[in-house]
Amino acid sequence: MYQKNSAKTEIAYIKGVGPKRAEAFNKLGLKYSEDLLTVYPRMYLLKTNIRSLAKNHDINVIFKGKVIDKYLPFKPKQPTRIIISDGTASIESLMWGNTFYREKQFKIGDEYIFWGKTTYNTYNKSVMLDIRDHKKFEVTDDDMLKYPLIPVYILSEELKKTWVKPLTLTKIIFNALKSEAENIFEVLTEPVRIANDLLDHKTALLKMHYPSSEAEVEKVRQTLAFEEFFYLQLVIALRKKAYSETENGIHFEKIGENFEKLFNEHLGFELTSAQKRVIKEIISDMRSTKPMNRLLQGDVGSGKTIVAVFCILVAIENGYQTAFMAPTEILAEQHFKTLSYYINKLGINAVLLTGSQRKKEKEENLTKVKTGNASVVVGTHALIQDNVVFNNLGFTVIDEQHKFGVIQRAMLRSKGTNPDVLVMTATPIPRTLSLTVFGDLDISIIDELPKNRKSIKTALRGETERLKIYDFIRKEINAGRQIYIVYPIINESEKLDLKSAVIHYEILKNDIFPEFSIGLVHGKMPWKEINNTIEDFKNKKINILVSTTVIEVGIDIPNASIMVIEEAQRFGLSQLHQLRGRVGRGAEQSYCILMADKTNDISYERLKIMTETNDGFKISETDLKLRGPGELLGTRQSGELKFTAADLATDGDLLIKARESAFKVIDEDPQLRSYHNETIKEHFLKYYKESSELIKIA
């Protein structure tokens with residue numbers, strides 16, 4: 001964006017800032033005047049002639065006007081009335097606050113810039129101005145006011161404390177634009193701009209702040225959004241190229257008899273066509289000499305684990321161990337049992353490693369791992385501890401991988417010599433999000449559920465229907481079914497007016513369903529206690545399991561047919577979908593009841609989507625639009641998802657174009673040595689220093 005060696009102007013020296021405001025800007029990550037140029041407007045005000053306001057009321061306007069008269073109130077709590085004119089017409093405004101202050105502030109003959117919302121009084125045919133902001137007019141403001149649209153920016157609480165108002169911030173950023181305009185340079189090559197119908201960077205940046213028309217804003221935004229996407233994808237392209245070309249992967253040559261035995265004799269059901277397709281994709285990667293780095297996406301209940309089992313068998317039959325890492329002990333335990341069920345029949349040993357294991361059991365399992373007697377090692381973060389030494393690790397599976405950091409995934413890989421990596425998620429992720437968070441991974445998608453699965457019926461209910469729901473639960477339990485009831489918090493909170501699991505467990509147990517057996521699990525309980533309670537539920541010793549989101553993943557109990565989610569408005573859509581996936585795993589019809597009495601229009605529309613579809617990808621797309629990428633994945637990713645102009649929810653096509661352009665550049669010039677790419681390399685090295693080593697590696 002700027003010359004490589006250009007001196008940076010500290011933000012404190014921009015007119016209108018000063019030391020105190022500079023501190024507030026610094027807290028927002030804005031340290032230099034150039035940083036202000038990427039603070040984009042949230043809206044634009046139309047600079048208008050007052051004479052036209054009688055026909056255009058209820059609009060925000062900005063204009064320059066002179067105080068031509070004022071009227072002091074008769075009583076202290078009444079407003080001061082001032083009459084403003086711009087030479088063509090006059091307008092009246094009511095100024096609240098200290099009367100003495102207002103009298104001194106507005107002197108007849110003084111000129112001000114005013115921003116406010118106009119209202120038309122049909123009774124006396126006059127126009128009133130609800131003043132949001134006003135600033136004493138200065139000669140230099142003429143430059144700003146010559147544009148047809150005036151930008152308005154979001155004010156942070158930190159800036160408000162320094163008495164920054166909307167027009168003040170507008171002027172500050174305008175001053176930064178004037179200061180830095182000559183230092184703005186191109187960030188993309190001309191071929192990339194032409195191929196994607198983009199403006200040059202300087203034009204786009206200046207017009208983002210001061211467009212000539214409202215229609216121009218979107219064209220400008222798309223250029224700046226493309227640039228953001230392009231450099232993110234450039235990093236991903238470099239990372240992917242560096243990963244695939246600098247390391248020798250394992251060549252898994254054969255598919256042995258255990259694979260065939262499981263497929264033909266021990267499976268007990270037919271794989272879906274999507275599962276078969278995905279297994280072929282993964283094994284094709286495993287047969288390559290390049291290290292595999294693949295994401296397996298599949299909706300709740302789509303059968304990702306059995307796909308992983310087949311791939312694990314390929315690794316074992318080629319003489320390698322497999323590590324299978326899960327984020328929680330509950331999920332690790334579930335995977336261990338599932339894997340053991342299939343591979344024990346084939347004479348293959350698996351061990352479990354978790355933090356809460358007894359010392360003797362853990363030491364025995366560590367020995368089996370080190371000697372190679374355990375072909376499959378399932379565990380939590382315990383797998384990446386220094387005392388875990390593999391005999392010959394060649395394949396790793398990471399489940400719900402977005403819950404692990406990059407360092408943790410790298411630590412697991414380091415336990416072997418460039419093992420193939422398969423990461424899995426049951427959170428359906430929109431394509432745009434996949435290409436940003438997992439853009440350096442090849443992606444396989446299981447987009448088909450087993451044929452015998454019945455669609456889960458989902459209903460949205462309020463407090464007035466609670467007794468009917470309890471009757472329905474009794475009926476289902478008496479018919480032999482089991483029930484989940486999920487709460488958003490563990491204990492009561494003074495700050496949150498929400499139903500809690502602990503309190504309502506007692507109410508349900510003693511007052512509502514005393515005739516049934518009820519269990520409780522939540523995140524603060526010891527893992528063994530959680531596991532024992534879930535085992536009792538699985539063995540039908542418990543009729544109702546009261547829980548928090550600790551059961552979100554890894555619980556597979558076919559006899560559970562009803563999921564009641566209390567305070568459903570407090571959960572994200574993708575999380576609700578994950579919870580709903582705990583039922584519907586057996587042959588019986590299953591139900592999900594969303595209890596949400598305190599809903600506004602937006603909450604109601606969100607929850608209504610859950611009642612209309614069981615398609616996790618459709619739900620995740622909606623969740624992305626409503627909540628953003630960080631919340632959707634359950635954790636804020638660093639840097640990569642912080643866009644200023646781009647919007648992952650609506651700019652999917654633009655992201656694809658930017659990805660294609662970035663990957664083309666790196667395919668043709670991986671170290672950006674060509675003089676054609678000098679512009680890109682200079683910008684990349686200046687603003688993406690943490691990834692600069694990738695150019696040397698590629």
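Derivation of every value follows stated rules applied to the coordinates shown; laboratory data play no part. Because the structure is predicted, anything quoted here is derived from the model rather than measured. Glycine also receives a Cβ, built like all others from the backbone with ideal geometry; neighbour counts cover every protein chain displayed.
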Seminar exercise, completed: Taking Cα pairs closer than 8 Å and at least 6 residues apart, the relative contact order of the stretch 457-613 in percent is 31 percent
Seminar exercise, completed: With -39,500 (n - 2.57) per DSSP H segment of 4 or more residues and division by the full residue count of the chain, the 222 nm estimate, nearest 500 deg cm²/dmol, is -11500 deg cm²/dmol
Exercise. With contacts defined as alpha carbon pairs under 8 Å and 6 or more residues apart, what's the relative contact order of the chain in percent?
Worked result: 13 percent
Seminar exercise, completed: Within the chain, the percent of DSSP beta bridges that are antiparallel, given to the nearest 5, stands at 40 percent
Problem set entry | FRET efficiency, 1/(1 + (r/R0)^6) with R0 41 Å, evaluated for residue 360 and residue 589 via beta carbons | 0.35
For this session: Determine the alpha carbon to alpha carbon distance for each of 241/664; 240/290; 261/362 and list only those over 20 Å.
Result: 261/362
Seminar exercise, completed: If the chain between residue 536 and residue 506 were fully extended at 0.36 nm per residue, the gain over the current Cα-Cα distance would be 8.9 nm
Problem set entry | Point-to-point label distance, residue 474-residue 28, nm (Cα→Cβ direction, 7 Å offset) | 5.9 nm
Problem set entry | Efficiency of FRET between residue 263 and residue 370 - r from beta-carbon atoms, R0 41 angstrom, step 0.05 | 0.85
Exercise. Which distance in nm do the two modelled labels at residue 517 and residue 143 give, with both placed 7 Å along the Cα-to-Cβ direction?
Worked result: 7.9 nm
Exercise. To the nearest 0.05, how large is the calculated FRET efficiency for residue 459 and residue 556 if R₀ is 22 Å and r is the Cβ-Cβ distance?
Worked result: 0.40
For this session: Pull up all non-local amide H partners of residue 564: gap of 5 or more, or a different chain, and H-to-H distance under 5 Å with H placed in the peptide plane.
Result: 484, 485, 486, 593
Exercise. Between residue 203 and residue 668, what length comes free when the chain is fully extended (0.36 nm per residue of separation minus the Cα-Cα distance, one decimal in nm)?
Worked result: 164.6 nm
Exercise. Any number yet on Rg/Rh for the stretch 265-374, C-alpha, Kirkwood?
Worked result: 0.97
Exercise. What do the square roots of 5 times the Cα gyration tensor eigenvalues come to for the chain, in whole Å, largest first, as semi-axes of the equivalent ellipsoid?
Worked result: 56, 36, 21
For this session: Order the peptides 430-438, 39-47 from the highest to the lowest mean number of other Cβ atoms within 10 Å of their residues.
Result: 430-438, 39-47
Problem set entry | For residue 133, residues with placed amide H under 5 Å, excluding near neighbours | 115
For this session: Determine which residues of the stretch 495-538 fall in the zone a paramagnetic label at residue 452 would reach in this model, i.e. backbone nitrogen under 20 Å from the point 7 Å along Cα→Cβ.
Result: 538
Problem set entry | Helix axis angle, 18-27 relative to the chain longest principal axis, alpha carbon, degrees | 20 degrees
Exercise. Taking only the alpha carbons of the stretch 381-489, what extent do you get along each of the three principal axes, in Å, biggest first?
Worked result: 59, 35, 32
Seminar exercise, completed: For the stretch 303-425, the Cα gyration tensor yields equivalent-ellipsoid semi-axes (√(5λ), largest first, whole Å) of 17, 17, 15
Seminar exercise, completed: Projecting the Cα atoms of 517, 286, 33 onto the charge dipole of the chain, where Lys and Arg contribute +1 and Asp and Glu -1 at Cβ, the residue farthest towards the positive end is 33
For this session: Would you list which aspartates and glutamates come within 20 Å of residue 370, measuring only between C-alpha atoms, while excluding same-chain residues fewer than 8 positions from it?
Result: 317, 361, 386, 420
For this session: Compute the distance in nm between two label points, each set 7 Å from the Cα along the Cα-to-Cβ direction, one at residue 160 and one at residue 248.
Result: 6.2 nm
Exercise. Any idea what the relative contact order of the stretch 335-444 is, in percent, if you count C-alpha pairs under 8 Å spaced at least 6 apart?
Worked result: 20 percent
Exercise. Once you sort the root eigenvalues of the Cα gyration tensor of the stretch 457-613 as a ≥ b ≥ c, which label holds: rounded (a/c under 1.5), prolate (a/b larger than b/c) or oblate (the other case)?
Worked result: rounded
